[in-house]
Every structure is written in C-alpha cells, then in structure tokens.
Amino acid sequence: MTGVSRPPHGFPDSEFEARIARAQRIMRASEFDALLLTGPANIRYATGFETQFWESPTRPWFAVVPAEGKPVAVVPEIGAPEMARTWIDDVRSWPAPRPEDDGASLLAATLAQLPRRFGRVGAELGREMALRMPVAQFLELRDALPGLDIVDGAPCLWETRRVKTPAEVERIRFVCRIASEAYEGLSDLISVGEHLREVRRKLSMDILRRGADATPFLPVIAARGGVEQIVCGPRDKTLDPGDVLFIDTGSTYDGYFCDFDRNWAVGEIGDAARRANAAVWDATEAGIAAARPGATAREVWLAQAKVVEDAGSLGNNVGRMGHGLGLQLTEPPSNMPGDDTVLEPGVVLTIEPGMEFAPGKMIVHEENVAITGDGCELLTERAPREMWRIR
C-alpha cells in the first residue's frame, strides 16, 4: 500500500502509562477516586486486553482505574491468562459464570480497598456508553459500598479518549487507506445486475485481504436516483441501471475504526442526483477546511450545512454531519448544532454532509480527518467529485 506502512499490533507499556496518567489528571479535576470500566472499548483502552469473547453476554468484565497507580482487572477466570499478558500486574478473577455472585463481591472488595478522597467512582453511565453488567448487579454493588457513590463517569472517560495519541492515529490512518484502496477497486469487481449481498461479500473480502482485522459495519444500499437511508442493508436487490450505490464501512485495525462512505452511479443517473452529489462533495471540502484546532464541532457542522442549504437541501435524516472516531465506530463529539466541543490536535473526526434533494432521495459523503497543529490531515483518500461508474 503506497505511502502508509502497516503498524504493529499492540502498544508498548509507555502508551498505556501515558493514557492512564491523562485519565488520572482528568479524574482529579472531576473529583473521582476511581473509574469503573465495564465496556469493551474502555477496558481495551486502559489495559490493551483484546478478545472476541465480548460477543458472549454471559459474563461481566471489569477494570478499575485508581487515582494513582496502574489499573486493576477483575475478570472471569476464562479471560485471566490473556489479561495477565497485558501491562496489568493485578489481575483478580472468579470462576464465572456464577449468577449468584458473578464477580460482584470481588469487585466490591476491590473498590472498598481504594483510598478515598472524594468518595466518588465514575462508571459508564452516561452519553454514548452502556453499562455492560446486569443492572440488578450494579444496584447491589452500590448498596454494598456505603460512603462511596458510583456516579456518571462518561464525561471524564470521553475527555480522556477524545484526543488520540500518534500511535492511535497511525492505526486509524492505516485502516482508512486500506478501505480507500478497496473502494477504488470495487468497480472492477462488480457489474450491473449483481446482487447487493454479493457486492458486500466482495468488498469485505478485499478489505480483509488488504490488511484489515475486521469489518463489523458495511451497509450496502442501492436505489434509483438516490438512497433513503444509510445504515441498513444489503437487502434482496440487484444493481439496476439508474441506481445510486451507497456503501459505508467501519473496518478495524488493532481495534481502531475507519468510518467513511462512497457513492457509485450504476449506468446513467439523473441530473438531480449528479447535482446533489457535487453539492455534497463541496460541503465535504468546506467541512475539511473548517476542521482546525480551536474550532468547535458546531462550526464544522455550520460550514457543511451552509453549502447543502444553498444547494436546496430538504434536510438530512442522519441528524448530524460527522462525529468522533476511534476505538468505536462513532464517538463524541457530534458535528451538529449545540455541540461546542473545541477541537484539539489529535482529535479524529468524520466529515459527513448529506442532503435530501428530493422526497426519499439522499446523497451522503464522508471522509476521516485528524486535527493537527495548523489544520487537519485527511486520513482517507479523497472521493472523486463525480461518482465512480458501474457498468
């Protein structure tokens, strides 16, 4: 792959030390004695622990980030050997599954041993997070820790993860280029009349062949003259002349996502779709230009929104025009009215304008950028202003 070398899998201990040091600075400002991590992305961020076993909801998993020192892992025995291979020294386990006490007493004991300054622990209770443990178990945990409040730690966690390290950006850049090259080559792999499920299979296989680890998100959607939605598909349909083919991918490398789309014209498409495509491409340019340190997510939205509104947009059912990106397909901030998150070097964003140009007909473009000291770096290979053609 031209110009971008493949990063190694995994990070050195120094990477995690820096992450935890940042988290602990933010924790002190937020008056937390610890953070309780229960979700895959946050546990991986703090520990480096990787497993496909998140697909099983049977067992809860925990990591505790104290105010000082290294995290403590509290995990089912089945995962303890692999957790012990990470940079974590203190790995505590229980013989799960054990529904009557699935790690609850062990976790409570771990939290009870923490030095208390503020009497507060932050957990994954807020924006764009989900508590990956039974709610009944969580309520029992709170009752078992008198004098220690478990409250929303999401703002602290998102502030910690919002600015990516150079090593994190390197992985996002790599998977962006993999997917960019696969997109560019797709027209040579498919043709008019091909089933959308086969299109998805071919593109997914090509992305993996080029070096991605997984492709968890790959909607493939086609409809005459434009699409009505961008998150569900493929359905039972073939590529027909006059269709606009829309594909979005969230592929990963070493846990980090790309998230961007491309559009193809199947044979000849109408003038309205061509004009909308050009307008949305121009809006993407405006969003990229606006993505600079010191700007806000709202200002990035505004730059894009003005272009599509001037082009006659009827709306955009996506609800925003881009978002943060990292260990999850979508992360804060959102490029939308009301989000005044200030962009800093290391923030990774999607630039995602879209417009409905006729009832039920929409065009969306998306690119990925990393904020730098004086602007932004385009991580994806820029889409052409005119759609690629499928014949």
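The values are calculated or read from the model by the stated rules, or taken from the named source; none is laboratory data. What you are looking at is a predicted structure, and each value in this text was computed from that prediction instead of being measured. Every residue, glycine as well, gets a Cβ built from its backbone with ideal geometry; the counts of neighbours run over all protein chains shown.
Comparison of A370, A286, A303, A383 shows that the only residue that is in the same structural domain as S251 (by TED's automatic domain parsing), part of a strand (DSSP E or B) and either modelled with pLDDT under 95 or small (G, A, S) (or both) is A370. List every residue pair whose Cβ atoms sit under 7 Å apart, with the two residues 6 or more apart in sequence or on different chains, where the first one lies in segment 121-137 and is free of Cβ contacts under 8 Å to residues at least 60 places away in the same chain and the second, anywhere, is among the hydrophobic types (A, V, I, L, M, F, W, C) and assigned to a loop (DSSP other than H, G, I, E, B). Pairs found: L125/L131. Restricting F62, F53 to those that are touching a residue at least 12 places away in the same chain (Cβ under 8 Å) and surrounded by 20 or more Cβ atoms within 10 Å (Cβ to Cβ) reduces the list to F62. How many residues are in contact (Cβ under 8 Å) with a residue 24 or more places away in the chain and either out of contact with any strand residue (DSSP E or B) (no Cβ under 7 Å at 6 or more places or on another chain) or surrounded by fewer than 16 Cβ atoms within 10 Å (Cβ to Cβ) (or both) if we restrict to segment 268-285? Selection size over segment 268-285: 9.
If we scan segment 139-150, do we find a residue that is closer than 30 Å to D13 by Cβ, in a loop (DSSP other than H, G, I, E, B) and either among the aliphatic types (A, V, I, L, M) or outside the structural domain of V64 (by TED's automatic domain parsing) (or both)? So far as segment 139-150 goes, yes, one or more of its residues are closer than 30 Å to D13 by Cβ, in a loop (DSSP other than H, G, I, E, B) and either among the aliphatic types (A, V, I, L, M) or outside the structural domain of V64 (by TED's automatic domain parsing) (or both).
Of all residues in segment 329-342, those that are assigned to a loop (DSSP other than H, G, I, E, B) have Cβ atoms under 6 Å from Cβ atoms of residues that are buried (at least 17 other Cβ atoms within 10 Å of the Cβ) and among the aliphatic types (A, V, I, L, M), 6 or more apart or on another chain, in N335/A297; N335/V300; N335/M321; D339/A297; T341/A297. The number of residues in segment 29-49 that are hydroxyl-bearing (S, T, Y) and under 19 Å from F138 (Cβ atoms) comes to 1.
For segment 365-391, filtered to residues that are closer than 21 Å to I172 by Cα and aliphatic (A, V, I, L, M), the residue that is surrounded by the fewest Cβ atoms within 10 Å (Cβ to Cβ) is L378. Whether a residue is under 18 Å from the mean Cα position of the chain (by Cα), among the polar types (S, T, N, Q) and crowded, with 21+ Cβ neighbours inside 10 Å was assessed, and T350 passes this test.
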